[in-house]
Amino acid sequence: MAILPEVEKNYGKLKLYIDGEWVDSAAPDVSETTNPATGEVIATFPTATDAEVDKAVASAQAALAEWKQVPVRDKARYLFDLRGKFEEHNDRLCRILVQDHGRTMGEARGTLRRCIENIESACAALLLLTKGEQVNDLARGLDQTLIWEPRGVFLIVTPNNIPMHAWSSFVPYALASGCPVVVSPSKDVPVSAKAIFDVVDMVDGFPKGLMNLVYGGRHINARILENPHVKGVGFIGSTGVGRQLFAQAGKLGKEASINGNGKNHVVLMPDTSVDQVVQGILRGCYGMAGQRCLGADNLILIGDVYDRFKEVFVAASAAMKMGYGLDETVELGPLVSQTGRQKVLDFIEKGIQEGGKLILDGRNVAVPGCENGYFVGPTIFDNVTPDMFIAREESFGPVANLMRAKDLDEALDWINNKDDYGHSACIFTQSGQHARRFIKEADVGNVGVNVPVPQPYAFFPLGSKNESAQGVAKSRIDSMRLFMDQKTVTERWG
């Protein structure tokens, strides 16, 4: 199959999007961003100056008053128009995402569908969840009303692994709630952020300043959150960086939704049909080159399923086609950055030092035509025990650990007591009794039964517990709780 064309070979020097305009930054220095599959520079981008950051916040604050006055049905229409633009430019956005991030075209199409679903969900939330409540005659002549109001301007920080999906997990809901945003994307994927704002810029009716885009990273994020007009932050990324933002938000008395790392488990019971599940588990372990928060890390195999699964899984993993995702036959793309690739290589080396048995080594893969890309092939460790570093920390790469447990009790003990995170866990079984127990007892926020990736739809929250999340709101539709505040009105007449 022919490789799909790139939207552009090089996107030049990227601009900031402030107050409804694309503006050149006054910053003297720029950084380069590369295509992960080829290592070629595809754009440069500035770190916004303090003055530019302050202007972005000021424009968002000005838009707050204007957006409050827009009737609910008009807000919904603008969001529907945004959804339409995402549909219209779906293929273009997919190809840019592949070029900027490194995933396959199939994965990009799935991401854009999730983005559109989030906008649809935000439209529904706008019409349903922003409604207040009223009780008349609580006492003689006394009425009481609950009103939902937008909190104000929010900082939205998006990561390098799901730049478009993360944007859609917060921003449409912020708009539905009445809140303007300043978006600060990962410096690894600035072209994806630019592509989203190109679409935003096509929608007529949004007030200038409702959505702003600045580049810069941690210093920029801290400055934005310190601004008195900014009421909180929505974040998806690493637990370490998220904790810093959560602590800053707490000191400042601001709201926060922090979604961090995970160490996810998939349990295969002895009654699992290996041939039926292996393709799904390949996607769970290696989808987006392992750079997904709900991806499978630890495969806990119980009973005689261990040997049967290992044989089939290793063979299927070794047969995966690697390459540039614009080739639609490619099954596994590169890591998003050279830094990310090195972290995965260090993770693998740590596993070897700990005594893990490397039965499939993806460190020195050859990918014809992509010799300078950031590739790591499927990598599988055998004889992994729950006390090992590689069993407790996220690889964020295409690395799978095979772990032998004697029964479901031991598997649940590892999930609940050997793992500080609480992102997801899945079980494959034909037993309703085992599945029901797993759902009740697994101390994680997202549970899967006979699915390798328990991805909640847009109108469900991303459950995440323990070290995987901080804050009350869990992104997607649940972020409406982040962006809206309550006001009660008590009235007496007569």
Worksheet item: When we measure straight from the Cα of residue 131, which lysines land under 30 angstrom away, once same-chain ones fewer than 8 places off are left out?
Response: 68, 75, 85, 208, 231, 254, 465, 474, 487
Worksheet item: At a Förster radius of 56 Å, what calculated FRET efficiency corresponds to the Cβ-Cβ distance of residue 354 and residue 328, to the nearest 0.05?
Response: 0.90
Worksheet item: How many angstrom lie between the C-alpha centres of the range 282-335 and the range 410-477?
Response: 20 Å
Worksheet item: Which of the lysines could a cross-linker bridge to residue 13, judged by Cα under 21 Å and excluding same-chain residues fewer than eight apart?
Response: 55, 187, 194
Item to complete: Can you tell me the relative contact order of the range 265-457? Whole percent, Cα pairs under 8 Å, sequence separation 6 or more.
Response: 27 percent
Worksheet item: Relative contact order of the chain: what whole-number percent is it, with Cα pairs under 8 angstrom and at least 6 residues apart?
Response: 20 percent
Item to complete: Enumerate by residue number the chymotrypsin sites (Phe, Trp or Tyr not before Pro) in the range 386-494 meeting two conditions: DSSP loop (anything except H, G, I, E, B), and at most 14 other Cβ atoms within 10 Å of the site's Cβ.
Response: 457, 493
Fill in: Cα→Cβ-extended label distance, 7 Å offset, between residue 66 and residue 251, nm
3.5 nm
Discussion item. How large is the direction-averaged shadow of the alpha-carbon convex hull of the range 221-288, in nm²?
Written reply: 6.5 nm²
Item to complete: Check the range 265-457 and count each lysine pair with an alpha-carbon distance under 19 angstrom, considering only pairs eight or more places apart or from different chains.
Response: 5
Worksheet item: Expressed as an acute angle from 0 to 90° and rounded to the nearest 10, what is the orientation of the C-alpha long axis of helix 239-252 relative to the principal long axis of the chain?
Response: 20 degrees
Worksheet, complete the sentence: Rounded to the nearest 10, the angle in degrees between the Cα long axis of helix 105-128 and the longest principal axis of the Cα atoms of the chain comes to 30 degrees
Item to complete: Tally the DSSP beta bridges in the chain and give the antiparallel ones as a percent, rounded to 5.
Response: 45 percent
Worksheet, complete the sentence: Ratio for the chain, C-alpha Rg to 2.2 N^0.38 Å, reads 1.01
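Computed from the coordinates by the stated procedures, all read-outs in this text should not be read as laboratory data. This is a predicted model, so every value here is computed, not measured. Note: ideal-geometry Cβ built from the backbone for every residue, glycine included; neighbour counts use all protein chains shown.
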